[in-house]
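Below is one structure, written out as C-alpha cells; the observations come after it.
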Amino acid sequence: MQRHGKKGVGVSIKNLKESWKGSVDAILELEAEGKVIVIRSGKDKAPKFVFWNTIPSEQQEQQTVDQEFKDMWLNQRVPEDADILRSLNSEGFAPTTSQAMAAKPAQKKKARKVNRPRPMKITNTHIQGVDLSVDYQAPT
C-alpha cells in the first residue's frame, strides 16, 4: 500500500478483501493510528478505498486553520442563481444549460453486401500434363 500511496493512488477495499481475509480489520486499525486515509461510501459508510497517509500525524497536528480564516470562510455569501445569470449575461457568457444540445446527424444505413459465391477455378493450370492418379516415383 505504501508503494501505491507514494504515487497518490489508492487501493480498492474490494481488491484487498479478495487477497487478504483480515484486511478490513487491519485497515480500521491503521486508520485509528492515522497511517492510512479511508474513503467511505455515502450510504452505509462502508470503506471503499484506502490511501497511505504521507503526512505524519505530528505534522498534521501542527497544521491547524486559524479561527479567523474559518470565520471568513463561513461568512462568505453565495450569490443567488438569478444574480449569477445576470452577471454572466452582462459579461457576454451564457450558462451551459441554456444551450441546446446539437443533435447528432442521422447516420446513413449502409447497404448490406450480398455474399456471392466466388467463381471456382476448374483446372490447375500449373500442373497440366501430370497424371495425379499414379503414385510418384523418383527418376532413377
Entirely in the stretch 56-140, the helices (runs of 4 or more DSSP H) that have 1 or more residues that are open to solvent by 90 Å² or more (accessible area, probe 1.4 Å) and at pLDDT 80 or above: 67-75, 81-91
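Tell me, yes or no, whether the stretch 41-52 has at least one residue that is aromatic (Phe, Trp, Tyr), at pLDDT 75 or above and open to solvent by 100 Å² or more (accessible area, probe 1.4 Å).
As a first pass, look at the stretch 41-52 and keep what is aromatic (Phe, Trp, Tyr): 49, 51-52.
Narrowing the set further to residues that are at pLDDT 75 or above leaves 49, 51-52.
The next check asks that each one be open to solvent by 100 Å² or more (accessible area, probe 1.4 Å); those that pass are none.
Scanning the stretch 41-52 turns up no residue that is aromatic (Phe, Trp, Tyr), at pLDDT 75 or above and open to solvent by 100 Å² or more (accessible area, probe 1.4 Å).
The values are calculated or read from the model by the stated rules, or taken from the named source; none is laboratory data. What you see is a predicted model; the values in this text were computed from it and never measured. Please note that ligands, DNA and RNA were not included when accessible areas were found on the heavy atoms of the full protein model with its side chains. Shrake-Rupley method; radii C 1.70, N 1.55, O 1.52, S 1.80 Å.
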